[in-house]
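Just so it is clear, none of the values below were taken in a lab; they were calculated from the coordinates. Note that this is a predicted model, so its numbers are computed, not measured. In this analysis, Cβ positions are derived from the backbone assuming ideal geometry, glycine residues included, and neighbour counts consider all displayed protein chains.
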Amino acid sequence: MAYVINDNCVACGSCISECPVEAISEGDIYKIDADKCLSCGTCAEFCPNDSIHEACRHPIFSLLSSARTT
């Protein structure tokens, strides 16, 4: 599953040079191209703000999953 970058991203650039397939694009908040992402997790390891997560493990999905258990 591809990785995603959340709103905590400060566009520091730490992840871009680490991506082996250049799946990350610059902007106010960086974006990961899910079609290019290998799900290797290298970008997440180098993110100083813990802003990069596997799409299925993104914090919002955890909240949504726990809300559905009623």
*How high is the FRET efficiency from ASP35 to ASN6, r the C-beta distance, R0 22 Å, rounded to 0.05?*
0.65
*Taking amide hydrogens as modeled 1.01 Å from N in the peptide plane, which residues meet the under 5 Å criterion relative to SER39, leaving out close sequence neighbours?*
TYR3
